[in-house]
Structure formats: structure tokens, C-alpha cells
Amino acid sequence: MRLFYVDDSGAPATRTSAFGWVELDVSAWNPTLQRWLDWRRDLQRTVGIPTYYELHGTKFVGGRGHPTGTAWDTRKAERAAVVTSAFAQLSSIPDLGFGAVYACAATTNDHHQLKARCYLELVRLLDDRLAREGEYGIVVMDGNDTDLTYQAAHRELKHSSRRLVEDPFFRPGHRSQWVQMADLIAYAAYMQVARIPTKEATWSWYGDYLSNAVTGPAPLRLTAAEKS
């Protein structure tokens, strides 16, 4: 059984929706989480960011919140260094895989619709891969179960042959280290493809630190999701 922890990034202004995820066989759950927690404890010891503090891409990199309660919190370059250290850690864990996909819409301002189509294509992509590899999988999403478009995507799969079992499960990011990992990957993917002028320092993060992703050295564009 393979676990997929998924989060999204994007904004209506850029007409871009991205999803990032981390994945692993359920048998690797304990040692993989231990590796990450060891890094979080070292971060607490050296920087002062508690292990329970949520590392949320948009908020953390943007300078929001008070992770240490000191003057360090105002130093965006230091925050960026923490995020790139997180990417290096993710890339170094042998049993952990990760990837990212995105879609762009040139003719619609309906970001929710674009995100729903992008997620549907991601679900199809993961389900096809699991079928080829003879595996089954479970998706754990950031948030709660109030957005029914996520359940609808899973129910689009052919019941007799689907490999992603059940609807997605939901965990809020501030309560899940795994979802925080996925959020950081989604953020880096979105920054690379959206190329927001005020965020130029983040454009290369995905290529620099996450090039060993299962989707390749750049986020995978899901062109089918861009159709109206």
C-alpha cells in the first residue's frame, strides 16, 4: 500500500493551479517520519523553531507568523534557508518519493474549476501508475472534507479497476508533518511555473533541490486539465 500526502498551491491572478505530494510505501512510514522529525528537532535546537510549528510555504517564506519569537522571525533570507534545508532533507530520504503537477488556464478566471480539473488529472495519473506497478494507494489531502470536488475526482475512477482506494482522507497542515512536506513541494512547483516577479528568489528552488522527483526535474504540466 502506497501513501500519498497531497497539497495544492496557486492563485486566480496567475491562472495557475499546482499540486505537490510526498509518497511512500506504508512499511516505510515510521523510519521516514523519524528522519524528518530528527531534522525538525535539529531545527529547533539551532534556530528555535518548535517541531510542532507549521512550515507553510506561502506564510513562512512570506514572513508571516512568529516561529521563534525573536528578531530572527523578520529575516526572510533566514526563512528561505530553512525551506531550502527542508528540500535537501526531503531529497535525501531514501524511501520517500515526491512530485508535482500543474495546469494553466488562459481563458477562464474560475480558479476553483481549474483546481478541480487539475486534481482529477492528478488522481488519474496516480491511479494509472499504481495499476502499472501492481500497487494500491491512499490519498491524504490538506484540509477538511467540505470541498466535494476532491471526492468527486476519486469517484470518476472506474470502480472495477481503480487502485486508489476510498475517497481522499483529510488532515489539516498544522497537524500533519506529512502535509507540511507536501505543501512545501507544491509551493516550490508553483513558484517555478508562475514566476511571480516579487518572488524571483524562489523560481529555481524546485530545479535546484527537487530534481529527483518522480515527475522529473520540473513540475509536470497537465494539459488535459486546462480544457474548458
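The values are calculated or read from the model by the stated rules, or taken from the named source; none is laboratory data. Small disclaimer: the values here were computed from a predicted structure and weren't measured. Don't worry about glycine lacking a Cβ; one is built from the backbone with ideal geometry, like all the others, and counts go over all protein chains shown.
Condition check for D110 on (1) within 30 Å of H154 (Cα to Cα); (2) within 16 Å of the chain's Cα centre (by Cα); (3) of a type outside the set (G, A, S): one failure, at (2). Considering (1) on the phi > 0 side of the Ramachandran plot; (2) touching a residue at least 24 places away in the same chain (Cβ under 8 Å), the lone condition that L220 does not fulfil carries the number (1).
Of all residues in the stretch 1-47, those satisfying the criterion of being in a helix (DSSP H, G or I) and charged (D, E, K, R) are R35, D38, R40, R41, D42, R45. Mind listing just one residue for me: the one in the stretch 52-74 that is among the β-branched types (V, I, T) and part of a helix (DSSP H, G or I) and, of those, surrounded by the fewest Cβ atoms within 10 Å (Cβ to Cβ)? Once the filter is applied, the top-ranked residue is T74. With respect to I49, is the statement that it is surrounded by 14 or more Cβ atoms within 10 Å (Cβ to Cβ), touching a Leu at 6+ places or on another chain (Cβ under 6 Å) and at negative phi true? For I49, the condition - surrounded by 14 or more Cβ atoms within 10 Å (Cβ to Cβ), touching a Leu at 6+ places or on another chain (Cβ under 6 Å) and at negative phi - is met. Of all residue pairs spaced 6 or more apart or on separate chains, those with beta-carbon atoms under 9 Å, a first member in the stretch 75-100 that is in a helix (DSSP H, G or I) and a second member that is hydroxyl-bearing (S, T, Y) and surrounded by fewer than 19 Cβ atoms within 10 Å (Cβ to Cβ) are S91/S211. At positive phi, surrounded by fewer than 19 Cβ atoms within 10 Å (Cβ to Cβ), not in a helix (DSSP H, G or I) and not hydrophobic (A, V, I, L, M, F, W, C): does that describe E166? So E166 fits the description; yes. Across the stretch 120-155, the number of residues qualifying as surrounded by fewer than 21 Cβ atoms within 10 Å (Cβ to Cβ), touching a Pro at 6+ places or on another chain (Cβ under 9 Å) and part of a helix (DSSP H, G or I) comes to 2. Evaluate the following for F19: is it over 30 Å from T198 (Cβ atoms), aromatic (F, W, Y) and within 18 Å of the chain's Cα centre (by Cα)? For F19, the condition - over 30 Å from T198 (Cβ atoms), aromatic (F, W, Y) and within 18 Å of the chain's Cα centre (by Cα) - is not met. Within the option set H174, H159, being in a loop (DSSP other than H, G, I, E, B) and either buried (at least 19 other Cβ atoms within 10 Å of the Cβ) or out of contact with any strand residue (DSSP E or B) (no Cβ under 8 Å at 6 or more places or on another chain) (or both) holds for one residue only, H159. Just one of the listed residues (V193, V179) is touching a Cys at 6+ places or on another chain (Cβ under 9 Å), at pLDDT 95 or above and in a helix (DSSP H, G or I), and it is V193.
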